Amino acid sequence: MPPLPGAEPYRHRGGPVAVLLCHGFTGSPQSLRPWAEYLAAAGLTVSLPLLPGHGTRWQDLQVTRWEDWYAEVSRELLRLSEECEQVFVFGLSMGGGLALRLAAEHGDLVAGVVVVNPSVRSDHPATALLPVLRHVVPSLPGIVDDIALPGATELGYARMPGHALWSLSRLWREVQRALPRVAQPVLLLRSPQDHVVSPANSALVLSRISSVDVTERLCERSYHVATLDHDAELIFEESLGFVRRLSAVAKAADHQG
């Protein structure tokens, strides 16, 4: 099934520095499209893939698993690493978890990580029931459109498939195990008023990664989908500055070598 209008993947061929962007669970590239276009306008090579099962109808997500979503972004990372000198990985929500696992698994292929309201754990007690609940309840109410900015909307599913939600809980465990192997520079942006992901998620990331170069920024005026919210410009500018700083460091090191 073709993706919904606005949910299409986005690619831009720019310079030798690339950014791979990962969208969230039940969301689509639309939630990160303005970010991707901002980075492309700055001269970067950009890839924003559509994760399997997303961007069409929620029933299509029901038959996919976290391994499918991760395989998609992993393929894109390998493709970008063959075409470009440096690759940075960005992610929103579950996409932040995917980005962190890519950094842990692929080491030197990832020059740095930027995550916005990363989702790496659940605080809901019902999560423990998902192995059984998914066979009884086909879907649960969706989590899209947690945005403070009037008129801004997120293109995503109104329902969360039970099987896919169970698989997401398995991804959380995989990401948690991988966090100590994340040693790249990290920029973490989070919204104090997030109605989807608790502050414990960012706290867990910051406490377990091995990175020395770590920066945390608050998106004070935004909710969960901060990339479409009041603080979108802050996210765009901070992330571009992060890439430019680390790209300059790499160039200086090459020159000295």
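Here LYS251 meets each of (1) within 30 Å of CYS84 (Cβ to Cβ); (2) modelled with pLDDT of 95 or more; (3) in a helix (DSSP H, G or I); (4) out of contact with any Gly (no Cβ under 8 Å at 6 or more places or on another chain) with one exception, condition (2).
Of all residues in the stretch 185-197, one or more are in contact (Cβ under 8 Å) with a residue 24 or more places away in the chain, more than 26 Å from VAL144 (Cβ to Cβ) and either open to solvent by 10 Å² or more (accessible area, probe 1.4 Å) or part of a helix (DSSP H, G or I) (or both). Only residues that are assigned to a strand (DSSP E or B) and either open to solvent by less than 10 Å² (accessible area, probe 1.4 Å) or not polar (S, T, N, Q) (or both): list them for the stretch 86-121, please. Matches in the stretch 86-121: VAL87, PHE88, VAL89, PHE90, GLY91, LEU92, GLY112, VAL113, VAL114, VAL115, VAL116. Inside the stretch 59-74, residues that are open to solvent by less than 60 Å² (accessible area, probe 1.4 Å), outside any helix (DSSP H, G or I) and either more than 14 Å from LEU171 (Cα to Cα) or of a type in the set (D, E, K, R) (or both) make up a count of 1. Residues of the stretch 25-39 that are open to solvent by less than 10 Å² (accessible area, probe 1.4 Å) and free of Cβ contacts under 8 Å to residues at least 40 places away in the same chain: PRO29, ALA36. Residues in the stretch 13-24 include at least one that is closer than 25 Å to ARG173 by Cα, buried (at least 21 other Cβ atoms within 10 Å of the Cβ) and among the small types (Gly, Ala, Ser).
The values are calculated or read from the model by the stated rules, or taken from the named source; none is laboratory data. From a predicted model like this one, the values you see are computed outputs, not experimental measurements. Ideal geometry is used to build each Cβ from the backbone, glycine not excepted, and the neighbour counts take in all protein chains shown. We work out accessible area using only protein heavy atoms, side chains counted, and drop any ligands, DNA or RNA first. Shrake-Rupley method; radii C 1.70, N 1.55, O 1.52, S 1.80 Å.
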